[in-house]
Amino acid sequence: MFDLIEKYNVLDAFWLTIKLTFYAAILSLIWGTILAGMRVSPVPAMRAFGTLYVNLFRNTPLTLILVATSIVLKNTLGVTMFADEQSQDFFAILDFRLAILGLTAYTATFVCESIRSGINTVPVGQAEAARALGLSFAQVLRIIVLPQAFRSVVGPLASVLIALTKNTTVATAIGVAEAAGILRAMIEFESDRIMVVFLIFALGFVILTLPTGLILGQVAKKVAVKR
Amino acid sequence: MTAATPAPPMIRMEGVDKFFGDLHVLKDINIEVPAGQVVVVLGPSGSGKSTLCRAINRLEPINQGVIEVDGKPLPAEGKALAGLRADVGMVFQQFNLFAHKTIADNVALAPVKVRKMNKGEARQHAMGLLERVGITDQAEKYPAQLSGGQQQRAAIARALAMKPKVMLFDEPTSALDPEMVQEVLDVMTNLAKEGMTMLVVTHEMGFARRAANRVVFMSDGEIVEDSTPDVFFTAPKSDRAKDFLGKILTH
Ligand SMILES: Nc1ncnc2c1ncn2[C@@H]1O[C@H](COP(=O)(O)OP(=O)(O)OP(=O)(O)O)[C@@H](O)[C@H]1O
Ligand SMILES: [Mg+2]
């Protein structure tokens, strides 16, 4: 088992998975929160954009989003995503960043919908009291509603992050050598030890996702708003 | 001295109509509340008392008519409206304290975020107000840890922190256990004595008799009577008011 892990650089591949997950998670949380803000905004154009975006990206297969991102941005528009074109790793870095972008575009819709359901758990009286004190819409959202909404959706957000971790495997489709990319190679060349190969990857993902669930489960209990 | 133009009323509503769909909840409301006056609004459930109260700071937009606060018409949404709301304190039946903030932070929040007061000053001011409503020892607790009466007093302190020109109360004691009603009414009575302009929707007849300068009786979205507490309680003119008083006094 360990010879396999070493031979195929499994640890490096999982490290890439972790990095993809990490950056996409942070960006999805930010973009998802902004989208949720748009979806509850009093400005009709913002609400329309938020709704359109979520329905479009949430209902498109992730593979399609990633491949489209890659083809449109990289091949057609020649976007470099701030990667250094002289660098030897230019394409690896570019693909990595495009994968983060695609994962974010997709995952943010789930973050948005989680947060929106969280917003619905905040009694309207909270926002009314804040408005009655003279806070602006943005302040009401940022200071009163979102902090309470977040606290009630830590659990669902953990599920979104776990799904994201597993979804990083789709990045193979645009040539990022994360865990699933290596898995494919190993299935091909180590077919006699296929069970071991599967075991390695199943374990790998459990090790990555289990702490997310456990830690955020504790956090959810701790930050829950008492009413 | 030049002939001073009389100070504008603190609240003025003229020809105000409000509909919820087909339901006509405010019907041609005309009322003026001069500075320093305490007006109690009475009326049966569903008569439009809350809606009247909420229309004054535009938590409910109206369909027709004019509402002015301190001589200025209510602005539409946006910065100007937020500015007006900052000057109009509101106390809700359900307290609506910010559940994720301590009591002291609840009180200090709006002065910092809206009035741009510095944090230390806001905090000091907040502690002074908590003392005034008698809950200094609860300052570091969260709302859910307080009794209803304490929460409502904190909510009053939170509204006062903005140094409002007028205070609106929508049934401030209706969600309280009976033994906690008086502590909240005491705070309100003190406020009235200090000269705060107040519009109070309540079912507390004792408070209406003692603290109000004026009683407004609403029924089916209309202002049916507008008189002093004495006149209203001893000699109501309309049948609707007599009926209403008959029901609550037998309780
Ligand atoms: N958001 C709303 N949408 C539709 N109808 C509403 C809404 N709010 C209030 N109403 C209706 O408007 C009427 C007046 O309501 P309002 O809350 O102002 O009465 P109230 O005098 O405060 O009654 P209560 O003593 O029960 O608080 C009622 O018939 C009520 O059902
Ligand atoms: Mg009411």
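Considering all alpha-carbon pairs of chain B, what whole percent are spaced by more than 25 angstrom? Don't skip to the answer; put the middle values down first.
Working: 13951 of 31375 pairs.
So the pairs more than 25 Å apart make up 44 percent of the total in chain B.
Placing +1 at every Lys and Arg Cβ and -1 at every Asp and Glu Cβ, with all other atoms neutral, what dipole size does segment A:2-223 have around its Cα centre, in debye to the nearest 20?
Working: 16 positive and 13 negative charges, 234 e Å.
In total the dipole reaches around 1120 debye.
If you take the beta carbon distance between A:T121 and B:N63 as r and set R0 to 22 Å, what does 1/(1 + (r/R0)^6) give as a FRET efficiency, to the nearest 0.05? Don't skip to the end; give the middle numbers.
Working: r = 32 Å, r/R0 = 1.44.
That pair, A:T121 with B:N63, gives E of 0.10.
Quick one: if you stick a label point 7 Å off each Cα along the C-beta vector at A:M81 and A:W15, how many nm between them?
Output for this residue pair reads 1.9 nm.
Counting residues in segment A:2-223 as N, plug N into 2.2 N^0.38 Å and put the Cα Rg over that result. Mind dumping the intermediate values first?
Values: Rg = 20.2 Å, N = 222, 2.2 N^0.38 = 17.1 Å.
Dividing the Cα Rg of segment A:2-223 by 2.2 N^0.38 Å gives 1.18.
What percentage of the solvent-accessible surface of segment A:2-223, computed with a 1.4 Å probe over protein heavy atoms, is contributed by carbon and sulfur atoms? Don't jump to the answer; show the numbers that get you there.
Numbers: 7720 of 11270 Å².
Carbon plus sulfur share of accessible area: 68 percent.
Over segment A:2-223, average the accessible area per residue using a 1.4 Å probe and give it in Å², no decimals.
Working: 11270 Å² over 222 residues.
Heavy-atom accessible area per residue stands at 51 Å².
What is the dipole size for segment B:116-238, taken about its Cα centre, with +1 at each Lys and Arg Cβ and -1 at each Asp and Glu Cβ, in debye to the nearest 20? Before the final figure, lay out each step's value.
Details: 14 positive and 17 negative charges, 131 e Å.
Here segment B:116-238 has a charge dipole of around 640 debye.
Distance in nm between label sites at A:A92 and A:A163, each 7 Å beyond Cα in the beta-carbon direction?
3.2
Over segment B:176-251, what per residue volume does the convex hull of the Cα atoms give, in whole Å³?
Working: hull volume 7.9 nm³, N = 76.
It comes to 104 Å³ per residue, whole-number rounded.
Considering the options B:A212, B:A86, B:L97, tell which one lies farthest towards the positive end of the dipole of chain B, charges being +1 on Lys and Arg and -1 on Asp and Glu at the Cβ, about the Cα centre.
Farthest towards the positive pole: B:A86.
If you find the alpha carbon centre of segment A:148-194 and of segment B:189-251, how far apart are they in angstrom?
67
Mind checking the angle between helix B:178-193 and chain B's longest principal axis? C-alpha axes, 0 to 90 degrees, to the nearest 10.
The two axes meet at around 90 degrees.
To the nearest 10 degrees, how steep is helix A:44-58 against the longest Cα principal axis of chain A, on a 0 to 90 scale?
With rounding to tens, the tilt is 30 degrees.
Taking the Cα centre of the protein assembly as shown as origin, sum charge times position over the Cβ atoms of Lys and Arg (+1) and Asp and Glu (-1), and report the length of that vector in debye to the nearest 20.
Details: 47 positive and 43 negative charges, 101 e Å.
Rounded to the nearest 20 debye, it is 480 debye.
Rolling a 1.4 Å sphere over the protein heavy atoms, what is the accessible area per residue of chain B, to the nearest Å²? Mind dumping the intermediate values first?
Numbers: 11170 Å² over 251 residues.
It amounts to 45 Å² per residue over chain B.
Find how much the distance from B:R210 to B:A144 grows on full extension, using 0.36 nm per residue of separation minus their present alpha carbon separation; answer in nm with one decimal. Kindly include the intermediate steps, with their values, before the conclusion.
Details: separation 66, 0.36 × 66 = 23.76 nm, distance 3.17 nm.
That works out to 20.6 nm of additional length.
Among A:F198, A:F14, A:F96, which one shows the biggest mean-square fluctuation in a GNM of chain A, springs joining Cα atoms closer than 10 Å?
A:F198
Which GluC sites (Glu not before Pro) in segment B:177-246 sit in a loop by DSSP (not H, G, I, E or B) and have at most 16 other Cβ atoms within 10 Å of their own Cβ?
Numbers: sites: B:E179, B:E183, B:E194, B:E204, B:E222, B:E225; in loops: B:E194, B:E204.
Here the GluC sites (Glu not before Pro) that fit, given the DSSP loop and packing criteria, are B:E194.
In Å and from the alpha-carbon atoms only, list the Rg and Dmax of the protein assembly as shown.
Calculated on Cα positions, Rg and Dmax stand at 30.1, 106 Å.
Can you check how the C-alpha radius of gyration of segment A:165-227 compares to 2.2 N^0.38 Å, as a plain ratio? Could the numbers behind the result be given before it?
Numbers: Rg = 16.8 Å, N = 63, 2.2 N^0.38 = 10.6 Å.
So the Cα radius of gyration is 1.58 times the expected 2.2 N^0.38 Å.
Give B:K113/B:K163; A:K19/A:K222; B:K18/B:K72 a once-over and call out the pairs whose C-alpha atoms are over 23 Å from each other.
Values: B:K113/B:K163 14 Å; A:K19/A:K222 27 Å; B:K18/B:K72 20 Å.
In this structure, A:K19/A:K222 exceed 23 Å between Cα atoms.
Using a 1.4 Å probe on protein heavy atoms, which residues of segment B:101-115 have at least 10 Å² less accessible area in the complex than alone?
Listed in order, they are B:K101, B:L109, B:A110, B:K113, B:V114.
What do you get for the angle between helix A:90-121 and the principal long axis of chain A? Use alpha-carbon atoms, 0 to 90 degrees, nearest ten.
Between the helix axis and the principal axis of chain A, the angle is about 30 degrees.
With unit charges on the beta carbons (Lys and Arg positive, Asp and Glu negative) and the dipole taken about the Cα centre of segment A:2-223, which residue among A:Y8, A:A45, A:L64 sits farthest to the positive side?
The residue sitting farthest along the positive end of the dipole is A:A45.
Report the antiparallel proportion of the DSSP beta bridges in the protein assembly as shown as a percent, rounded to a multiple of 5.
Numbers: 19 of 36 bridges.
Here the antiparallel bridges make up roughly 55 percent for the protein assembly as shown.
With N denoting the number of residues in segment A:94-227, provide Rg(C-alpha) divided by 2.2 N^0.38 Å, to two decimal places.
On the way: Rg = 20.2 Å, N = 134, 2.2 N^0.38 = 14.1 Å.
So segment A:94-227 has a normalised radius of gyration of 1.43.
Compute for chains B and A the buried accessible surface, both sides summed, probe 1.4 Å, and express it in Å² to the nearest 100. Display every interim value, and only then the final one.
Working: alone 12060 and 12630 Å², together 22890 Å².
So the buried area, both faces added, is about 1800 Å².
Enter the mean number of other protein chain beta carbons within 10 Å of the beta carbon of each residue in B:168-178, as an integer.
Numbers: counts 1, 0, 0, 0, 0, 0, 0, 0, 0, 0, 0.
If you average over the peptide's residues, the count of other-chain Cβ atoms is 0.
The values are calculated or read from the model by the stated rules, or taken from the named source; none is laboratory data. All figures in this text were calculated on a predicted structure; none of them were measured in a lab. As a convention, Cβ positions derive from the backbone with ideal geometry for all residues, glycine included, and neighbour counts pool all protein chains shown. Each accessible area value is taken on the protein alone, full model and side chains, heavy atoms only, with ligands, DNA and RNA left out. Shrake-Rupley method; radii C 1.70, N 1.55, O 1.52, S 1.80 Å.
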